[in-house]
1. Which parts of the range B:289-323 would a label at B:GLN53 reach, counting a residue when its backbone N lies under 16 Å from a point 7 Å out along Cα-to-Cβ?
2. Among residues other than B:ALA266 whose Cβ falls under 13 Å from its Cβ, what is the net charge (Lys/Arg +1, Asp/Glu -1)?
3. Evaluate peptide B:233-243: per residue, the Cβ atoms of other protein chains within 10 Å of its Cβ; return the mean as an integer.
4. Of the residues B:VAL330, B:VAL82, B:VAL213, which exhibits the maximal mean-square fluctuation in a Gaussian network model of chain B defined by a 10 Å Cα contact cut-off?
5. As a footprinting exposure proxy, order A:ARG223, A:ARG135, A:ARG162, B:ARG114 by other Cβ within 10 Å, with the fewest listed first.
6. Within a 10 angstrom radius of the beta carbon, how do A:ASP81, A:ASP234 rank from fewest other beta carbons to most?
7. Looking at this model, which pairs from A:LYS15/A:LYS69; A:LYS9/A:LYS218; A:LYS69/A:LYS169 are more than 18 angstrom apart at the alpha-carbon?
8. Quick one: Debye curve from the alpha-carbon atoms of the range B:261-313 only, equal weights, vacuum; give me log10 I(q)/I(0) at q = 0.13, 0.21, 0.24 Å⁻¹ to two decimals.
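Throughout, read-outs are computed from the coordinates displayed, never taken from laboratory work. Not measured: the values here are computed from a predicted model. Neighbour counts are summed over all protein chains in view; Cβ atoms, including those assigned to glycine, are modelled from backbone coordinates with ideal geometry.
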Amino acid sequence: MANDGIVLKTEGLTKYYGGVHALEDADFTLHEGEHVAIVGDNGAGKSTFVRQITGVEQPTAGKIFFGGKEVAFNSPIDARDFGIEAVFQNLALADDLDVPSNIFLGREETYFNLGPFSFLNEKKMYKNSMEALERTGVKIPNLRNSIANMSGGQRQCVAISRAASFASKLIIMDEPTAALGVQETTQVENIIRGLKKQGIPLILVSHNLRQVFNLVDKIWVFRRGRIAGMLEADKTDGNEVVSLITGVKTGVHENASYI
Amino acid sequence: MTEGTVTNQAEPVAAPATVEGGKRQRSHELNALMGLVGIALIFEILGWVFQGQSFLFNAQRLSIIILQVAVVGIIAIGVTQVIITGGIDLSSGSIVGLTAMVAMSFAQVSTYPRAVYPNLTDLPVIIPVLIGLGVGLGAGLINGALIAYTRIPPFIATLGMMVTARGAAKWYTRGQPVSFPTDSFAAIGQGMTPVFIFLAIALLFHVALKYTVYGKHTYAIGSNESAARVSGISVERHLIMVYAIAGMLASLAGIVIAARGLTAQAGMGTMYELQAIAMAVIGGVSLSGGRGSIVGTVIGAAIFGVIISGFTFLRLSAYYQEMIMGAIIVAAVVADVYRQRYRTSAR
Ligand SMILES: Nc1ncnc2c1ncn2[C@@H]1O[C@H](COP(=O)(O)OP(=O)(O)OP(=O)(O)O)[C@@H](O)[C@H]1O
Ligand SMILES: [Mg+2]
């Protein structure tokens, strides 16, 4: 089972929504301990790619290898069982539930196993949520408040803490800081640096090139459903990335607002 | 975590009760309770003014209110869970009718010469009960599967079941009522037994909704179905389970009614679905899903019962009563819509 230190690999990964070719023939590789970014214009297929490798959707064609073995995730539970956690672009939180319930949603701690009627161990979930939030440096005044009463930043932090505390093999974040203020963004970036130290691989979807260059080792560029190329962060610059994103080879002005 | 930690520790985890929304949730139930007291007091005053007697302090009247509430309340317990998932069940009233007919046909005494199944008389009570519950289970499974797998709106799926089950109830004996149950079957509906059944069911599902994974997932699906799905909850399976439970509770109500009346008619339970929905919504269960509780629904049921029997007490004609019932249902939904609006704007 030689996997050459490759955590995740896709071959010819393709997803059509009816006539829309959202993702086509994507060959992607992620090595152990590596943090990579996926960049690309709106509609480039980034979120679609994320949904295929997390079991939320099933690809039209192509193969996914995880830890050297081919996998077919039929549901997010399958991906989760492999230690893959994701923060989705549109927040995947249940508004009417409190913080611990959201962090443990779908994997509740119980006292004894009575199937769906197992009794919840709220105490343990509360305690573990506290610890998870503390580890990631997230401050939430009262965990028993329902998520609906929290700010966008707090909600996103809960989602990220959830993913960060359960991910053992791979963590995927789809535009985690898109709606966040400066302080919250810094906080999320610090969480990501912490994951790097722990050696947990990361795929970060982001439109923020400054952030991308600050955080990751490699940059995968998507354009119109295809992978346009991969660049090593320390061997490239914003201009090259932008020209790959747009498909226009001509250099972009130094102070283009994109950068 | 300076301040946050302190608050959290000061308020110990001893209150896992606030699963779905902390203070706001509790105040809904409290509001409903105060509403109940207020409405009862209004009728009490009207009673003394117009009838020269007490409305509340009349053991017979109270037991009638409680009995009325109990039967539809059993349905409301199931409907509450359906509504929390963001769905609706319009088929419960028809399931009551069909179950009453079917259960009664297996509960007849041998001394009655025109039994539906002359060879199947004097059966032990467990048989008509299980067959009756099976009717609701089947109908609920069909509701749930339609909603979960074909993605048609719950409103449409259960409307279809409402018409179909009522039709089946009429077809079952070609419109003839079914009567003469065994004593042991009749006992299910006698005295205060229906009330004990209602309270036991309410307690059971109160615990299930508040303290078990089942409850957590029920709220999660109604709150954000796609979040529930990506969190690994098997939404389809869960919805089917919830509708099946609602179907079985409607059947239980059907069994109780048939046993109480000693007869079953195809028209039994007509409009009960709306009364049950009204009880839930009055009790603070939100039609947009994700919020509500069994405690709320029990209080809602009591409010509903007090209003209806209050108008009977004031000798209002039955026609007015139906109109008032309609108005109550609409008012409860309007109140829910306003709560939603306040909630979204407060965010
Ligand atoms: N469920 C769906 N059904 C139909 N088309 C879809 C669906 N999801 C995505 N698409 C289409 O697929 C294409 C890729 O969408 P995707 O969400 O992957 O883009 P993205 O790169 O994540 O963009 P953004 O930066 O805006 O998040 C778009 O053209 C989009 O309209
Ligand atoms: Mg996207």
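1. Counting only backbone N, you get B:309-316.
2. In short, +3.
3. For this peptide, the per-residue mean of nearby foreign Cβ atoms is 1.
4. Of the options given, B:VAL213 has the highest mean-square fluctuation.
5. Ascending number of Cβ neighbours within 10 Å: B:ARG114, A:ARG135, A:ARG223, A:ARG162.
6. Ascending number of Cβ neighbours within 10 Å: A:ASP234, A:ASP81.
7. The pairs that break the limit, which is 18 Å between Cα atoms, are A:LYS15/A:LYS69.
8. Values, matching the q order: -0.40, -0.80, -0.90.
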